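> This structure is in structure tokens; I'll ask about it shortly.
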Amino acid sequence: MASFNKLKNVLMLVFDWILYGAGVAGHCQVTVTQPRFQQADSSMNVSLTCTFSASGCSSSPPEVLWFRFLTNTHQKLCTPGCTDHQKYKVHSSNNNILLQIKNLTVDDSAVYICGIAFSDSDSPLSKQTGDGTVLTVTGSGKQLSKGKLISMIITSSLLFLYSSAVLTSFVIYKLKPKLLKKSRKDQTTENCKINSGRKIFQAIAQELQKQRYAQHWQQSDDLEDDSVYQNR
């Protein structure tokens, strides 16, 4: 539980940095896709793939972010500049992103997260991450333990669920003032309709009252005329 809470706090900091970047553009929406698993041999080079699609975003290229999550910690690999240019290098071609890792060792086994951020947009959907790729590096006579592999898979799943919860909370937080404003506007419109209906009803009632009053006096005049005629 302690390790999970620690990971949760780390994820909060990371996704806060991704989601709350300031911007000025409109309704930008990004989708990021990563393969779930990839395996490679030690002492070799490997390229992790990441593809994204963008709708309603600016034409400027987005920021590409790469993180590495281990069992109890995380590392910023390229955000967007890489921390180790000798080992890590990012290649971009249109909507396809590659993270090249050189001279693999068994310690490079981890969950690798790709993030895409259009920093000129304030839309919560303009900054998204993939589900993560579980990289398993095997060496001569030394393989990643099954328990460690399962732990990384669980970490990847928890990361995806947590990121979804953060995005949902952020969207609700952004839309709440608009929904309240719309509710007040609808209530004001409904009150105006009720007041308008009351005024119409009052006008009709007054008109009926006038007609009844006129009929009453007309009947009184007719009775008076009959009485005078009979007396004659």
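Read the figures in this text as sums done on the coordinates, not as results from a lab. The structure displayed is predicted, hence computed values, not measured ones. Methodologically, a virtual Cβ is constructed for each residue, glycine included, from the backbone with ideal geometry; neighbour enumeration extends over all protein chains shown.
> So is Gln75 in contact (Cβ under 8 Å) with a residue 60 or more places away in the chain, at negative phi and out of contact with any helix residue (DSSP H, G or I) (no Cβ under 7 Å at 6 or more places or on another chain) or not? Write out each step before concluding.
On the way: in contact (Cβ under 8 Å) with a residue 60 or more places away in the chain: no; at negative phi: yes; out of contact with any helix residue (DSSP H, G or I) (no Cβ under 7 Å at 6 or more places or on another chain): yes.
In short, no.
> State which residue is nearest to Pro124 (Cα to Cα) when the search covers only region 52-96 and only residues that are among the β-branched types (Val, Ile, Thr) and more than 21 Å from the chain's Cα centre (by Cα).
Within region 52-96, the match that is nearest to Pro124 (Cα to Cα) is Thr79.
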